[in-house]
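For reference, the structure is listed below as structure tokens.
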Amino acid sequence: MTNIVVEGREQVELADIGSQAERAKKILARVRKAMLAPNATKEAPRFSPAQLGSLVNLDTRQVDYRAKKGELPGGGLNAAGTRREFQLPEVRQWARELRKLRLRPENAEAITIAVANFKGGVTKTTTAVTLAQGLSIRGHKVLVIDCDPQGSLTTLFGILPDAEVEAQHTILPLCLGEEESIEYAIRPTYWDGIDLVPATSVLFSAEFALPGRQRDEGPSFQFWNVLHYGIEQARQDYDVIIIDTPPALSYVTINAMMASDGVITPLPPNALDFASSVQFWDLFYDLTKELVSRGKTKKFEFIDVLLAKVDASDIATSVVREWISAAYGAKVLPFEIPKTSTAASASAEFGSVYDMKPGSAGSKTIKRALDAYDQFVETVESQMVGAWLRQVVAVEEAQA
Ligand SMILES: Nc1ncnc2c1ncn2[C@@H]1O[C@H](COP(=O)(O)OP(=O)(O)OP(=O)(O)O)[C@@H](O)[C@H]1O
Ligand SMILES: [Mg+2]
């Protein structure tokens, strides 16, 4: 059928959308290949002695001394043979040896953290990935779960959701009741210390499966606790589980929140995002208050509001920041992630600030973003350490 041209615009048949989608998929696959060249898979960054030192609180002389003593991995020369660098697994080994007090105690479980906000584009996925990387560099073993059918988090790990992920690799079988425990879906990633449960677009059908099961299976089924029970084993196997959620208060998002010990809400300080966050918490409470009154109560170890994509040059920013602080009080973290210019980070859109090569963090804003993320990661880590302590005390009290 021919398209009728109206004022330079073409009408679009449904079938055209199909072929356009196919074309766009091919282009995306090519873009990704070019970005990941020469290996077609992502590579973890290497670390300078100074970077390693700052993670484990040593100066470079002390790093040299420890490395020479041979107790800890000594790194190797970079490709040009000009300076020493450490691989990610080596850095993690140093961190595990020298940051013992910050790591999970033996008789404690993983802390589960959902990154959630039903507004789109507020940096949920960026926050989830950056937090996972920052915690793994510091020695923690991390599981990230992508609960968003868009699969952005999966993409950031160098995996194309539509080409490389099938329904059975996602949390969908868990939601359908075909699986009870998430292990079937866990895969390693290019980043040592981070494993991934990926997502792809068919995961959207979980939004029908969960209420459907509630209808069919009756009150013995708890649609909001499927993920909570599904990660029971993973809580033993990992130090932290980070869940990225879709921009909706969907059935899957409710599962992510109810499975979590902590919630992080990234929030850019602008009026619409603030208004939307107000609605988010209101709706969440409305939907869940009835659920918990039927079962036992739900207590979060922490809820953090992370000011993100902050444009200090925008005069509205400081006003909205005041609203946010009045509304959320002490939940607002005392630092903010600056807005980085897209030009500086265009090729980095397939990665995070921690993916950048040392020295390539050219612009000052990116350096500031990196510093802010370091602070963020260490604050979350402190909250994890606190939650572990409470777990350990509770276990001991139960035994006494
Ligand atoms: N500090 C930053 N400054 C500027 N842009 C950023 C910053 N952090 C992330 N972005 C960009 O903002 C966009 C949205 O980020 P991201 O995908 O993490 O948000 P999201 O909340 O997960 O979105 P969605 O609701 O679609 O899941 C992306 O293009 C990302 O590269
Ligand atoms: Mg996202």
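Computed from the coordinates by the stated procedures, all read-outs in this text should not be read as laboratory data. Since the model is a prediction, treat every value here as computed from it, not as a measurement. Here the Cβ positions follow ideal geometry from the backbone for every residue, glycine too, while neighbour counts run over all protein chains shown.
A few comments on the model shown:
- Summarising the strand pairing of the chain, around 20 percent of its internal DSSP beta bridges are antiparallel.
- Table column - 3J(HN,Hα) (Hz), segment 204-216, Karplus curve with 6.51, -1.76, 1.60, x for Gly and Pro: 4, 5, 4, 5, 9, 5, 5, x, x, 5, 4, 5, 6
- ³J(HN,Hα) computed for each position of segment 301-313 - Karplus, 6.51 cos²θ - 1.76 cosθ + 1.60, integer Hz, glycine/proline x: 5, 7, 10, 10, 9, 9, 5, 10, 6, 7, 9, 5, 7
- Ellipsoid fit via the Cα gyration tensor, the chain: semi-axes of 33, 30, 23 Å, each the root of five times an eigenvalue, largest first.
- Comparing Cα centroids, segment 149-200 and segment 258-293 end up 25 angstrom apart.
- Modelled label positions at SER201 and LYS26, each set 7 Å beyond Cα in the direction of Cβ, lie 1.7 nm from each other.
- When the C-alpha to C-alpha distance is required to be over 21 Å, the pairs from LYS100/LYS331; LYS339/LYS364; LYS298/LYS331; LYS124/LYS339 that qualify are LYS100/LYS331.
- Close amide H contacts of ILE111 (hydrogens built in the peptide plane, cut-off under 5 Å, sequence separation of 5 or more or a different chain): VAL240, ILE241.
- Applied to segment 97-109, the Karplus parametrisation 6.51 cos²θ - 1.76 cosθ + 1.60 on θ = phi - 60° returns per-residue 3J(HN,Hα) values of 7, 9, 10, 4, 5, 8, 8, 5, x, 4, 9, 10, 9 Hz, with x for Gly and Pro.
- Relative counts (whole %) of C-alpha pair distances in segment 1-140, using bins that are 10 Å wide: 9, 23, 24, 19, 11, 8, 5, 1
- Once the C-beta distance of VAL392 and ARG9 is scaled by a Förster radius of 51 Å, the resulting FRET efficiency is 0.20 to the nearest 0.05.
- Taking the charge dipole of the chain about its Cα centre, with +1 at Lys and Arg Cβ atoms and -1 at Asp and Glu Cβ atoms, the residue from THR130, ALA387, ILE159 reaching farthest to the positive side is THR130.
- Distance (nanometres) between label positions extended 7 Å along Cα→Cβ at GLN168 and THR41: 2.2
- Stokes-Einstein D (µm²/s) once Rh is taken as the Kirkwood radius of segment 131-224 over alpha-carbon pairs, at 4 °C in 1.567 mPa s: 92
- FRET E, pair ALA275, LYS68, Förster distance 56 Å, beta-carbon r, rounded to 0.05: 0.45
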